[in-house]
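Worksheet: one structure, shown below.
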C-alpha cells in the first residue's frame with residue numbers, strides 16, 4: 001500500500017466521459033483535490049452518445065445545473081422511452097417506456113392484473129396503462145411529478161442532447177471550479193518500477209503532468225488502463241453479435257418526437273435521436289453479416305431527412321475490463337468497456353463509475369480492498385446491463401435472416417436464461433441487486449419481445465371480475481385524461497430553450 005495522500009488527480013481525455021468526471025469531482029471534492037484534465041484537439045471523440053436514461057437528471061442536479069439552461073446549451077430534447085420496431089418480428093413495435101405502468105400493489109405488480117384480464121378476453125395493451133408511452137405517442141410532455149389528484153407517479157424522463165455540446169458545457173462548468181485543462185498529446189508514461197503505479201504523463205512538447213491518481217478517459221484506445229497497466233479485456237461478442245456502428249447526422253424530421261427510435265434490420269438495427277437542430281442517426285451491425293457498404297445503403301435509405309455529413313464508421317468490441325481500476329489508474333467510459341447503445345447506457349455508465357469512484361475515493365494511499373470493491377460493483381453493473389441488452393436479441397421470432405436466426409439459437413448467460421424462464425412460466429420477474437433496470441423495464445421488454453407468461457400471480461385473483469374491469473378501465477381513462485391536458489413536446493420548448 002502506498003500511504004501517500006491523494007492530492008493530485010489527472011484525467012486523460014476530454015469528451016463526455018472526461019468532462020463528466022471532472023465536473024463531478026470538482027463539485028463534490030472542492031478544496032481537497034487538485035484536478036488536471038489532459039486532452040488534445042487533434043484527437044477526436046466518438047461523440048454519438050446522444051440519448052440518456054432518467055438517472056442523468058440526478059447527475060445534473062448534483063452539479064446544480066439548471067435544466068432549461070442545459071437543454072438550451074446542448075440543443076436537447078425530452079426522452080420518454082425507446083420505441084423498438086421490427087425487433088420481435090418484422091412489422092412489430094413496442095416501447096420501453098420510462099416510469100410506472102398501471103398502479104403498484106403490495107407484493108404484486110400491475111402486469112399480473114393485466115395478464116388476468118387478458119386471459120379473460122380483454123384486448124387492451126399493457127402500454128394502455130403507461131403514462132409515458134401514451135404521452136410519447138401523443139407527442140406531449142410537461143414535467144409532472146404525480147398524476148393530478150392522485151398519488152400515482154407522473155412522467156419519468158431523460159434527454160436527447162448533442163454530446164459534443166454537453167462536453168463543452170461541462171468543460172466551462174469544470175474550469176470555473178478550478179479544473180486545469182492542458183492541451184497536448186501523451187508521448188510517454190512514467191511508472192514506478194516497484195509498484196507499477198503511474199507517476200506522470202509526458203506530453204509531446206516535453207511537459208510532464210504528475211499525479212497521484214489517474215482517470216483514463218482515452219476511449220477505445222485505453223492508453224493507460226490497457227497499454228500501460230495492462231488490465232485484461234473480457235469479450236462478450238458471443239452474446240452481443242454487433243461489432244460496428246455507422247453514424248451520420250441528418251436534417252430534423254417533421255415532428256420532434258419525445259422518444260428514441262430503434263429500428264431492427266436484417267443484420268443489425270438503426271437509431272434515430274431527435275435533437276432541436278438535427279436528428280442523430282446510426283446503424284449498429286454485424287460485420288459477419290453486412291459489409292460497410294450494405295450498412296451504409298440501409299442507413300441512408302431510412303434517414304428522416306437529408307444527410308448533413310458523410311457517415312462515420314466506429315468499430316467496437318463489446319465487453320469490459322476485468323479490472324476497471326488497476327494500480328492507480330481508473331478507467332471510465334469507453335476505456336473501461338463497451339455495451340452497444342441499444343438501451344442508451346453509455347453515458348450512464350460514465351455517471352455511475354464517476355459516482356462510484358467518489359464513494360471509494362482513496363485518502364491516504366490506495367488500498368487493494370477498496371479497489372476490489374470498486375471493481376466488483378463495476379462488474380456486477382456491467383453484467384446486469386449486458387443481460388438486459390442480450391434479451392432483445394435472444395427473444396425474437398424472426399426467421400428472415402441468418403443474423404436473427406443465430407441470435408434466437410444462441411446460448412445465453414444462465415442469469416438471463418433463468419430470468420426468461422421464470423417470467424415465461426409465472427409472469428414473475430425480480431430486480432437483481434445493483435440492477436440498473438427495474439422490474440417494469442424487464443416486463444416491457446419481455447412482453448414486447450413476445451415472451452408471454454403462462455400464468456399470473458395469485459393475488460391478482462383477489463378482485464372480482466367487476467372490480468378488475470373497473471380497475472383497468474379507470475386507470476386507462478385516468479391516463480388518457482392526463483395526457484390530453486399535457487402540452488405538445490414542441491410547445492414545451494417554445495419560448496423556453498430556443
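The values are calculated or read from the model by the stated rules, or taken from the named source; none is laboratory data. Quantities reported herein were computed from a predicted structural model and do not represent experimental measurements. Note that each Cβ is placed from the backbone with ideal geometry, even for glycine, and that neighbours are counted across all protein chains shown.
Every residue, every condition in (1) in contact (Cβ under 8 Å) with a residue 40 or more places away in the chain; (2) within 30 Å of residue 124 (Cα to Cα); (3) not in a loop (DSSP other than H, G, I, E, B), yes or no:
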site	(1), (2), (3)
356	no, no, yes
380	yes, no, yes
386	yes, no, yes
389	yes, yes, yes
399	no, yes, no
412	yes, no, no
416	no, yes, yes
request  = Tell me, yes or no, whether the stretch 74-93 has at least one residue that is part of a loop (DSSP other than H, G, I, E, B), over 30 Å from residue 404 (Cβ atoms) and within 18 Å of the chain's Cα centre (by Cα).
outcome  = yes
task = Out of the residues in the stretch 469-497 that are in contact with a helix residue (DSSP H, G or I) (Cβ under 6 Å, 6 or more places away or on another chain) and outside any loop (DSSP other than H, G, I, E, B), state the one that is surrounded by the fewest Cβ atoms within 10 Å (Cβ to Cβ).
result = 476
ask   = Taking residue 230, is it over 30 Å from residue 198 (Cβ atoms) and out of contact with any helix residue (DSSP H, G or I) (no Cβ under 7 Å at 6 or more places or on another chain)?
value = no
ask   = Based on what the data block shows, is residue 143 closer than 30 Å to residue 64 by Cα, surrounded by fewer than 15 Cβ atoms within 10 Å (Cβ to Cβ) and free of Cβ contacts under 8 Å to residues at least 40 places away in the same chain?
value = yes
request  = Can you tell me which residue among 364, 320 is closer than 28 Å to residue 190 by Cα, at pLDDT below 95 and in contact with a strand residue (DSSP E or B) (Cβ under 9 Å, 6 or more places away or on another chain)?
outcome  = 364
key: Cβ pairs under 8 Å, 6+ apart, first in the stretch 290-310 and exposed (fewer than 13 other Cβ atoms within 10 Å of the Cβ), second outside any loop (DSSP other than H, G, I, E, B)   = 306/250; 309/248; 309/249; 310/248
note = Only one of (1) closer than 23 Å to residue 242 by Cβ; (2) out of contact with any helix residue (DSSP H, G or I) (no Cβ under 7 Å at 6 or more places or on another chain) does not apply to residue 376, and that is (1)
task = Tell me which of these residue 66 doesn't satisfy, since it passes every other one: (1) more than 19 Å from the chain's Cα centre (by Cα); (2) in contact (Cβ under 8 Å) with a residue 40 or more places away in the chain; (3) closer than 20 Å to residue 165 by Cβ.
result = (2)
query = Taking the stated definitions as given, is residue 190 part of a strand (DSSP E or B), touching a residue at least 40 places away in the same chain (Cβ under 8 Å) and either closer than 30 Å to residue 80 by Cα or touching a strand residue (DSSP E or B) at 6+ places or on another chain (Cβ under 9 Å) (or both)?
reply = no
Residue in the stretch 431-441 that is assigned to a helix (DSSP H, G or I), surrounded by 19 or more Cβ atoms within 10 Å (Cβ to Cβ), under 22 Å from the mean Cα position of the chain (by Cα) and modelled with pLDDT of 95 or more present = yes
key: Failed item, numbered, when residue 175 is tested on (1) crowded, with 17+ Cβ neighbours inside 10 Å; (2) touching a strand residue (DSSP E or B) at 6+ places or on another chain (Cβ under 9 Å); (3) not in a strand (DSSP E or B)   = (1)
